[in-house]
Ligand code: NAD
């Protein structure tokens, strides 16, 4: 089996015994759709080596199991391998997944690679192993929101006339150029793999490609003068090009990075190496590769710090690049902040995060109708309405048509019910899958990212994602996942995912009401418990029952 055989089921005909199983099947296939995944022949979806199934044999058995699965059964997936089907009940999840989890004292890349080589484990990233990846569109609003907040805090609420310098145009990083231009700015994105630059141009996330630093600077400075949005993909290695930029005193206004530095073996190309040389070294001498990659990451961060000292607004964009540099002896690595404490946390306090939905019909009209429903129902929420209009105009679908928008506590349950009603009335052609990134308000423990610099010092407390997964499973989410190492790599995060299917039934309505309340509710509770006033206010305003808060 290889990705040429991956089917694309669309329309109203079931290939399984119910819409919940069908949704899991279609989303697994969608994760590996060549339009969606970064390297589907290796089952790699995004984020370094984030996979949807452990190997092709496991993939086939998952497909087979989902086709056989009854409406009162639950399939268990252990790091991408289907290991059991148990009889449960109709309101229970149809699939439970645990990916890449390692006992804490052993939770590092060395142990992971050993287990991976023995065929005992796979890296699930966040939405790869939990079958709710929807391509770069899945992160684009989060990236847009981050840059909008950068603009608000530092540049009079617009990125017009500013240059953002970043690297990495992979599955998630590929959203950066579009998010910057949507905010009116100019983006230079350094990418070492030309195919990734071409892919972002084809999917309209990126405007132009160049191989010359001189041309890049000319294009960017001209656009800055005329205050026109423009995104430029510059072919090259960030750890080589950043020092060159410093040498010629080119200082951007904003600086960040989204190479897959979280995974030095598979996610970061060492400096002065072609892709082919890197590929060869990775297989011939893994340890030497890691040594070179880590040294290059250190050089990369050292230069980021120097550029920050010259005045660029600099932040870590969730790839753990600071930690790796610090371990390599760059003691000041954490002198620039992570994007969550710097720009995003207030959204988490009200339970907001990257909420998404997917039309199982495959018909873009279904998404258009849900867009209209949002515009009507949340008409007083101007930023949300602007986002939906912009997304309709600028974001190309990849695979199954889908949409993303940041909704918070109360809003998600309201919108979920509306979607279910639209399926029930026949307004939509088939059921809708509702899910989210693991990067969400109450579902992650990740001290260098989502839970960096928590007010009460609880950055490394990992009980929260476990509680999140358990309450969502009890509430009847269609599938629930618990992963380790997403975003920032082995040893640095635990996180949970949930997906729920709106099939138009009354049972689904009750499940949606429960799960889309508990899930964002965990975000509010997590932050209220940590002492954030906004979260405490939100909890009180919505009558959330928090025994220790109500004293
Ligand atoms: P990816 O593996 O699909 O893409 C990484 C890209 O970086 C590749 O295209 C690769 O060619 C390029 N690259 C590697 N080394 C390079 C170098 N030295 N110079 C220039 N380019 C280089 O990963 P992705 O899905 O785009 O995610 C990128 C990183 O961002 C990951 O660490 C991921 O965990 C993190 N992430 C952040 C967020 C967020 O919202 N902040 C969300 C998801 C993922």
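The values are calculated or read from the model by the stated rules, or taken from the named source; none is laboratory data. These numbers were taken from a predicted model, which means no experiment stands behind them. In this analysis, Cβ positions are derived from the backbone assuming ideal geometry, glycine residues included, and neighbour counts consider all displayed protein chains.
A few comments on the model shown:
- Residue count for region 250-301 satisfying the condition of being part of a helix (DSSP H, G or I), more than 14 Å from the ligand (Cβ to nearest atom) and either over 20 Å from residue 331 (Cβ atoms) or touching a helix residue (DSSP H, G or I) at 6+ places or on another chain (Cβ under 8 Å) (or both): 6.
- In the set (1) free of Cβ contacts under 8 Å to residues at least 40 places away in the same chain; (2) within 24 Å of residue 45 (Cα to Cα); (3) outside any helix (DSSP H, G or I), the condition left unmet by residue 189 is number (1).
- The condition of being surrounded by fewer than 18 Cβ atoms within 10 Å (Cβ to Cβ), touching a strand residue (DSSP E or B) at 6+ places or on another chain (Cβ under 8 Å) and farther than 22 Å from residue 45 by Cα holds for only one of 211, 216, that being 211.
- Meets criteria (under 26 Å from the mean Cα position of the chain (by Cα), surrounded by fewer than 24 Cβ atoms within 10 Å (Cβ to Cβ) and either over 22 Å from residue 129 (Cα atoms) or touching a residue at least 24 places away in the same chain (Cβ under 8 Å) (or both)) for residue 487: no
Residue-by-condition table, conditions (1) outside any loop (DSSP other than H, G, I, E, B); (2) more than 16 Å from the ligand (Cβ to nearest atom); (3) modelled with pLDDT under 95; (4) surrounded by 12 or more Cβ atoms within 10 Å (Cβ to Cβ):
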site	(1), (2), (3), (4)
90	no, yes, no, yes
93	no, yes, no, yes
98	yes, yes, no, yes
115	yes, yes, no, yes
126	no, no, no, yes
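- Long-range neighbours under 7 Å by Cβ, at least six apart or interchain, first residue free of Cβ contacts under 8 Å to residues at least 60 places away in the same chain and farther than 16 Å from residue 320 by Cα within region 286-303, second assigned to a helix (DSSP H, G or I) and within 14 Å of the ligand (Cβ to nearest atom): 288/281; 289/281; 289/282
- Residue within region 271-281 that is closer than 24 Å to residue 396 by Cβ and over 29 Å from the mean Cα position of the chain (by Cα) present: no
- Taking the numbered list (1) part of a loop (DSSP other than H, G, I, E, B); (2) more than 9 Å from the ligand (Cβ to nearest atom); (3) touching a residue at least 24 places away in the same chain (Cβ under 8 Å) in turn, residue 179 passes all entries but (1).
- Test: residue 372 is within 25 Å of residue 452 (Cβ to Cβ), surrounded by fewer than 23 Cβ atoms within 10 Å (Cβ to Cβ) and modelled with pLDDT of 95 or more: no
- With respect to (1) within 23 Å of the chain's Cα centre (by Cα); (2) surrounded by fewer than 18 Cβ atoms within 10 Å (Cβ to Cβ); (3) more than 15 Å from residue 357 (Cβ to Cβ), the lone exception for residue 392 is condition (3).
- Residue match in region 376-384 (condition: at positive phi and surrounded by fewer than 18 Cβ atoms within 10 Å (Cβ to Cβ)): no
- Checking each residue in region 330-357 for being over 15 Å from residue 406 (Cα atoms) and touching a helix residue (DSSP H, G or I) at 6+ places or on another chain (Cβ under 7 Å) picks out 330, 332, 333, 334, 335, 336, 339.
- Residue check for residue 14: on the phi < 0 side of the Ramachandran plot and either in contact with a strand residue (DSSP E or B) (Cβ under 7 Å, 6 or more places away or on another chain) or touching a residue at least 12 places away in the same chain (Cβ under 8 Å) (or both): no
- For the condition away from the ligand (no atom under 16 Å from the Cβ) and either surrounded by fewer than 24 Cβ atoms within 10 Å (Cβ to Cβ) or assigned to a strand (DSSP E or B) (or both), residue 514 qualifies.
- Look at (1) surrounded by fewer than 22 Cβ atoms within 10 Å (Cβ to Cβ); (2) more than 26 Å from the chain's Cα centre (by Cα) and you find that residue 241 fails only one, number (1).
- Candidates 132, 102, 139 - the one that is modelled with pLDDT of 95 or more, on the phi < 0 side of the Ramachandran plot and crowded, with 24+ Cβ neighbours inside 10 Å: 132
- In this structure, residue 166 does satisfy being crowded, with 22+ Cβ neighbours inside 10 Å, in a strand (DSSP E or B) and either within 15 Å of the ligand (Cβ to nearest atom) or modelled with pLDDT under 95 (or both).
- With respect to being under 20 Å from residue 303 (Cβ atoms) and more than 9 Å from the ligand (Cβ to nearest atom), residue 213 fits the description.
- Within region 45-87, considering residues that are part of a loop (DSSP other than H, G, I, E, B) and within 16 Å of the ligand (Cβ to nearest atom), the one farthest from residue 264 (Cα to Cα): 52
- Residue check for residue 234: in a helix (DSSP H, G or I), under 18 Å from residue 168 (Cβ atoms) and within 12 Å of the ligand (Cβ to nearest atom): no
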